[in-house]
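The values are calculated or read from the model by the stated rules, or taken from the named source; none is laboratory data. Treat the numbers as computed from the prediction; the structure is a model and nothing was measured. Using ideal geometry, Cβ is built from the backbone for each residue, glycine included, and neighbour counts are taken over all protein chains shown. These accessible areas exclude ligands, DNA and RNA; they are computed on the full protein's heavy atoms, side chains included. Shrake-Rupley method; radii C 1.70, N 1.55, O 1.52, S 1.80 Å.
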Amino acid sequence: MADITHLPMEQLQDLEYCLDSNPPWAEAILLAFQNYILMLGTSVMVPSLLVPAMGGSDGDKARVIQTLLFVAGINTLLQALFGTRLPAVVGGSFAYVIPIAYIINDSSLQRISDRHERFIHTMRAIQGALIVASSIQIILGYSQVWGLFSRFFSPLSMAPVVGLVGLGLFQHGFPLLGNCVEIGIPMLLLVIGFSQYLKHVRPFRDIPIFERFPVLICVPIVWIYAVILTASGAYQHKSSQTQHSCRTDRANLISTAPWFMFPYPLQWGPPTFSAGHSFAMMSAVIVSMVESTGAYKAASRLAIATPPPAYVLSRGIGWQGIGVLLGGLFGTGTGSTVSVENVGLLGLTRVGSRRVVQISAGFMIFFSTLGKFGAVFASIPIPIFAALYCVLFGLVASVGISFLQFTNLNSMRNLVIIGLTLFLGISVHQLFDQYWNPSRHGLVHTNAGWFNAFLNTIFLSPATVGLIVAVFLDNTLEVERSKKDRGMPWWVKFRTFRGDNRNEEFYTLPFNLNRFFPPT
């Protein structure tokens, strides 16, 4: 038998910068700006979907986008300093769309005839629901309950879950790209070409600029191409959907954004509280915890760090709950979660530096206060982002699959768990997605609207369905006989902070705060 040359490895070896190593300042600033540009996609898509349904104007949409970016910058900085300390961008989340749609369609709000007044009252109701629901995440995080639950995770169960974190976002990839293929396809080909085929070309000194800055290179090229198509009248007689997806002058963000705006708490007025709204929103908080946990596992691998111990994972979830609370106080219109596309960018650029993400948080805060300048970047057509998502979401999914190297893939038990988890994660989502739209209650349709929103949100998340299936099967099927097969000997030392001396290097709090918050 030939020698085995590709042994299982806890940490990736072919990345340039790990969690604690930093690129030169000029390179770090450009990489940080690239992270900022990338996270604009979700930050624009979520408010663009929800604000008009709330009754808001284009000006309201621009203001919500700026507020979301401002809070995302604060949350990213808090997470990088005091949370998991991984290079993870914390931004807006699609997981909150269903409970927010339930709030928007509340009969008491729909009876308000004035659109702006309805927008204000709906925003206040969403704020109240976010504030109450954030308590679940804060309690599960800081009480270490989520960390205790994570002790049931193994490489076998996490592989399909992290895989579904990436694959479960497939609707935001090629389906959105297909809305404007003349922009999306060139963008996809350019990103693959520059980042993969030209990655060893170094025209300037020793910096692999095509591999390091694919977003900064490709986005302007395709954006200018889209501007030319728009100016030449290529979309004058096209459908409204095509014009909305392809044109560079349809978002109305630049004209409606203020020159300067500093978001502040309760800017929309005092939040209003409803038990039904809050219960519905708790489902999105649970989904965001699951998806963020998978994203943290992927980020640690792409930052050449050890898997985050249970204590660190709980700490990160707790701070993420603080982030949802801040979103409720400031009025972002949605909750927060780890940006999966920015995790994928760590692998694409081979840079997992914490400093880069901290600088990118500064860009989010800075450009959110300078409305016109931020709106210029936020007006990039969505198919450009969708092309990037095709690459980056797929990369995160492949990182999840890489955890299978620690397991026995010759075990039928393992193959059943992996296959069933992946299939049900995608298949259950597909069933629930067929029945859901903002004007209806979805597949679960009882007289209790909050209950409908709760279950529909849970089962529309592939990663959450995957976690339920994988963790249950992995911890009930032949557990004692399968410890080695499921990869537990590889991960057992990462259950506790002191289980591996590398944990201290990666996850110790700054400013000597571990004296006051000793890890367990």
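Of the conditions (1) buried (at least 18 other Cβ atoms within 10 Å of the Cβ); (2) touching a helix residue (DSSP H, G or I) at 6+ places or on another chain (Cβ under 6 Å); (3) at pLDDT below 85, Ile183 satisfies every one except a single condition; which number is it?
Condition (3) is where Ile183 drops out.
In region 49-93, which residues are out of contact with any Phe, Trp or Tyr (no Cβ under 7 Å at 6 or more places or on another chain), outside any strand (DSSP E or B) and among the small types (Gly, Ala, Ser)?
Ala53, Ser57, Gly59, Ala62, Ala72, Gly73, Ala80, Ser93
Considering only residues that are open to solvent by 10 Å² or more (accessible area, probe 1.4 Å) and either at pLDDT 90 or above or part of a helix (DSSP H, G or I) (or both), which ones fall in region 507-520?
Leu513, Asn514, Arg515
Is one or more of the residues making up region 280-288 crowded, with 22+ Cβ neighbours inside 10 Å, within 23 Å of the chain's Cα centre (by Cα) and under 21 Å from Ala361 (Cα atoms)?
Looking for residues that are crowded, with 22+ Cβ neighbours inside 10 Å, within 23 Å of the chain's Cα centre (by Cα) and under 21 Å from Ala361 (Cα atoms), one finds at least one in region 280-288, hence yes.
Please work out if Leu189 is open to solvent by 70 Å² or more (accessible area, probe 1.4 Å), without any contact (Cβ under 8 Å) to a residue 12 or more places away in the chain and aliphatic (A, V, I, L, M).
The answer is yes for Leu189.
Go through region 399-426 and report how many residues are in a helix (DSSP H, G or I) and open to solvent by 50 Å² or more (accessible area, probe 1.4 Å).
Selection size over region 399-426: 10.
Conditions tested, residue by residue: (1) among the polar types (S, T, N, Q); (2) at pLDDT 90 or above.
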{"position": "Tyr235", "(1), (2)": "no, no"}
{"position": "Thr256", "(1), (2)": "yes, no"}
{"position": "Thr272", "(1), (2)": "yes, yes"}
{"position": "Met281", "(1), (2)": "no, yes"}
{"position": "Ser288", "(1), (2)": "yes, yes"}
{"position": "Ala298", "(1), (2)": "no, yes"}
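Cβ-Cβ under 8 Å, sequence separation 6+ or interchain: first residue in region 83-112 and within 18 Å of Val165 (Cβ to Cβ), partner open to solvent by 10 Å² or more (accessible area, probe 1.4 Å) and acidic (Asp, Glu). Which pairs?
Ser93/Glu291; Ala95/Glu291
Against the condition closer than 30 Å to Thr306 by Cβ and surrounded by fewer than 24 Cβ atoms within 10 Å (Cβ to Cβ), how does Leu77 come out, does it pass?
So Leu77 fits the description; yes.
Just checking, which of Val312, Val391, Val357, Val396 is surrounded by fewer than 24 Cβ atoms within 10 Å (Cβ to Cβ), out of contact with any strand residue (DSSP E or B) (no Cβ under 8 Å at 6 or more places or on another chain), in contact (Cβ under 8 Å) with a residue 12 or more places away in the chain and part of a helix (DSSP H, G or I)?
Val391
Only one of these conditions is not met by Leu19: (1) open to solvent by less than 10 Å² (accessible area, probe 1.4 Å); (2) farther than 30 Å from Phe406 by Cβ; (3) among the hydrophobic types (A, V, I, L, M, F, W, C). Which number is it?
Tallying (1) open to solvent by less than 10 Å² (accessible area, probe 1.4 Å); (2) farther than 30 Å from Phe406 by Cβ; (3) among the hydrophobic types (A, V, I, L, M, F, W, C), Leu19 fails exactly one: (2).
Which residue is farthest from the chain's Cα centre (by Cα), if the candidates are limited to region 114-139 and must be open to solvent by 10 Å² or more (accessible area, probe 1.4 Å) and within 19 Å of Gly59 (Cα to Cα)?
In this case the residue turns out to be Asp114.
Looking only at region 351-374, decide whether some residue is of a type in the set (Ser, Thr, Tyr) and modelled with pLDDT of 95 or more.
yes
How about region 282-309: which of its residues are in a helix (DSSP H, G or I) and more than 17 Å from Val90 (Cα to Cα)?
Correct list: Met282, Ser283, Arg301.
How many residues, within region 28-52, are aromatic (Phe, Trp, Tyr) and either surrounded by fewer than 24 Cβ atoms within 10 Å (Cβ to Cβ) or free of Cβ contacts under 8 Å to residues at least 24 places away in the same chain (or both)?
1
Would you tally the residues in region 339-354 being crowded, with 22+ Cβ neighbours inside 10 Å and on the phi > 0 side of the Ramachandran plot?
Total meeting the criteria: 0.
Would you be able to tell me the number of residues in region 315-354 that are outside any helix (DSSP H, G or I) and over 17 Å from the mean Cα position of the chain (by Cα)?
The qualifying residues number 4.
Give the residue that is farthest from the chain's Cα centre (by Cα), with candidates limited to residues of region 360-388 that are closer than 18 Å to Thr230 by Cα and open to solvent by 30 Å² or more (accessible area, probe 1.4 Å).
Selected residue: Val376.
Does Leu38 fit the bill of being assigned to a loop (DSSP other than H, G, I, E, B) and under 15 Å from the mean Cα position of the chain (by Cα)?
For Leu38, the condition - assigned to a loop (DSSP other than H, G, I, E, B) and under 15 Å from the mean Cα position of the chain (by Cα) - is not met.
Only one residue in Gly466, Gly449, Gly425, Gly442 is on the phi > 0 side of the Ramachandran plot and under 27 Å from the mean Cα position of the chain (by Cα). Which one?
Gly442
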